[in-house]
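Dropping a structure here in structure tokens format, bear with me for questions.
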């Protein structure tokens, strides 16, 4: 077996199950889970219809690079959404459909890490982070350098504080905006700082932007890495790759559909990897995905539902918990008055509400563990259920503070 398998940490939800083991919560309280970021809003009917209308295509082998209609729809969406110059996104060179960004983030790391360099390869990642960044790096034979995302920096990693010795070994920098679990949004200027560093030290930037379409002000969509490139006059998107998904944008987590876009040279090599990897998107799913990327009305309604939910939940919880004002994504990241694991365990035992301890999403560094004494609340359920969960959490917090 690959010895690097032994380096993998237990997945956060395995640890959560162990934390809850042996506890019987109150039977009269309906269980409510705020732990998993799985959207529960209705999937668009027209997307499901497109899937049905093309179901006979399951008899056809799909092309790894995806069909032209899907790539064109993605290119047009990117251009409109991120104000990219006309014709600057070539559907044939700059776009590659993927079967969900989880597998793409993992596979991309395997494709781009070069373990034969004189210096052991380093992957730089925000901390806390999406577990795939770490696992993919370890299995690719790389080491990790964690960038703590703390309140004093508005939960954005301070790239200027990173030693030059780290950048000299860096082969891949992960960014996540809007952040999971913090909801923090990276500015154009901060993206451009990362691009300047990538140019200077010759590494690749992988920007996970899967939450980019869940934002709370309709007039303030989060910027993206390709947008930052365009504003620098870089139409080749050199060293820059972004990951987008329909899971959060369109409430289609089970469709397993997303895309990678950016540097054409990197994507050409990644396509070669994927041809052997064997993960082409089925033609029926491509048709449904084309329909989803071609429509914005359903995303506007989706954001309205999240705004309604966040307004109600934050009104209930803000008097008793301290958390950053949400900008985007569907998470809250509050501080806990007791240890985060104790908070999650006791809340489940007393109120039958499940959420995720922050330390399960982060790692200990010399400056501490940025997830300690925080919890992640995923506001993905219907509004009424989220309100009930917030009321129970408030009762619990008031009980332990009294």
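The values are calculated or read from the model by the stated rules, or taken from the named source; none is laboratory data. Computed from a predicted model, the values in this text were never measured in an experiment. As a convention, Cβ positions derive from the backbone with ideal geometry for all residues, glycine included, and neighbour counts pool all protein chains shown.
How many residues are more than 17 Å from residue 296 (Cβ to Cβ) and without any contact (Cβ under 8 Å) to a residue 60 or more places away in the chain when one looks only at the stretch 72-99?
4
Here's another thing I want to ask about it. Tally time: how many residues in the stretch 329-342 are in contact (Cβ under 8 Å) with a residue 40 or more places away in the chain and either crowded, with 22+ Cβ neighbours inside 10 Å or assigned to a loop (DSSP other than H, G, I, E, B) (or both)?
Number of matching residues: 8.
Could you figure out which of (1) touching a strand residue (DSSP E or B) at 6+ places or on another chain (Cβ under 9 Å); (2) at positive phi; (3) at pLDDT below 95 isn't true of residue 66?
(3)
What's the total number of residues in the stretch 161-187 that are touching a helix residue (DSSP H, G or I) at 6+ places or on another chain (Cβ under 7 Å) and part of a loop (DSSP other than H, G, I, E, B)?
1
Look at residue 308 and say whether it is in the same structural domain as residue 36 (by TED's automatic domain parsing), surrounded by fewer than 16 Cβ atoms within 10 Å (Cβ to Cβ), over 23 Å from the mean Cα position of the chain (by Cα) and part of a helix (DSSP H, G or I).
When the stated conditions are applied, residue 308 does not pass them.
Limited to the stretch 381-399, what total is found for residues that are in a helix (DSSP H, G or I), touching a residue at least 60 places away in the same chain (Cβ under 8 Å) and touching a strand residue (DSSP E or B) at 6+ places or on another chain (Cβ under 9 Å)?
7
Okay, next question. Can you tell me which residue in the stretch 1-32 is nearest to residue 139 (Cα to Cα), limited to those that are touching a strand residue (DSSP E or B) at 6+ places or on another chain (Cβ under 9 Å) and not in a loop (DSSP other than H, G, I, E, B)?
Among those residues, the one meeting the criterion is 12.
Take residue 156 and decide whether it is outside any loop (DSSP other than H, G, I, E, B) and surrounded by 15 or more Cβ atoms within 10 Å (Cβ to Cβ).
Criteria not met by residue 156.
Mind checking whether some residue in the stretch 281-288 is in a helix (DSSP H, G or I), within 30 Å of residue 70 (Cα to Cα), out of contact with any helix residue (DSSP H, G or I) (no Cβ under 8 Å at 6 or more places or on another chain) and touching a residue at least 12 places away in the same chain (Cβ under 8 Å)?
There is no residue in the stretch 281-288 that is in a helix (DSSP H, G or I), within 30 Å of residue 70 (Cα to Cα), out of contact with any helix residue (DSSP H, G or I) (no Cβ under 8 Å at 6 or more places or on another chain) and touching a residue at least 12 places away in the same chain (Cβ under 8 Å).
Do we find that residue 87 is at pLDDT 95 or above and either within 30 Å of residue 278 (Cα to Cα) or in contact with a helix residue (DSSP H, G or I) (Cβ under 9 Å, 6 or more places away or on another chain) (or both) in this structure?
no
Continuing with this model, one more query. Restricting attention to the stretch 33-71, which residues are in a loop (DSSP other than H, G, I, E, B) and within 27 Å of residue 379 (Cα to Cα)?
Selection gives 34, 35, 36, 37, 38, 39, 40, 41, 42, 43, 44.
Turning to a different aspect of this structure: Conditions first: (1) within 29 Å of residue 43 (Cα to Cα); (2) in a helix (DSSP H, G or I). Residue 326 passes all but one, so which condition is the exception?
That leaves (2) as the condition not met.
Across the stretch 33-49, what is the total count of residues that are within 21 Å of residue 391 (Cβ to Cβ) and touching a strand residue (DSSP E or B) at 6+ places or on another chain (Cβ under 8 Å)?
So the count comes out to 4.
Provide a single number: the residues in the stretch 250-265 that are closer than 17 Å to residue 37 by Cβ and assigned to a loop (DSSP other than H, G, I, E, B).
Result for the stretch 250-265: 5.
Still on this model: So residue 223 passes all but one of these: (1) touching a helix residue (DSSP H, G or I) at 6+ places or on another chain (Cβ under 7 Å); (2) part of a helix (DSSP H, G or I). Which condition number does it fail?
Every condition holds for residue 223 apart from (2).
Please work out which residue is nearest to residue 304 (Cα to Cα), limiting yourself to the stretch 213-254 and to residues that are buried (at least 17 other Cβ atoms within 10 Å of the Cβ) and modelled with pLDDT under 95.
Step by step, filter the stretch 213-254, then rank; the result is 216.
Given 82, 13, which one is assigned by TED's automatic domain parsing to the domain that holds residue 143 and within 20 Å of the chain's Cα centre (by Cα)?
On inspection, the qualifying residue turns out to be 82.
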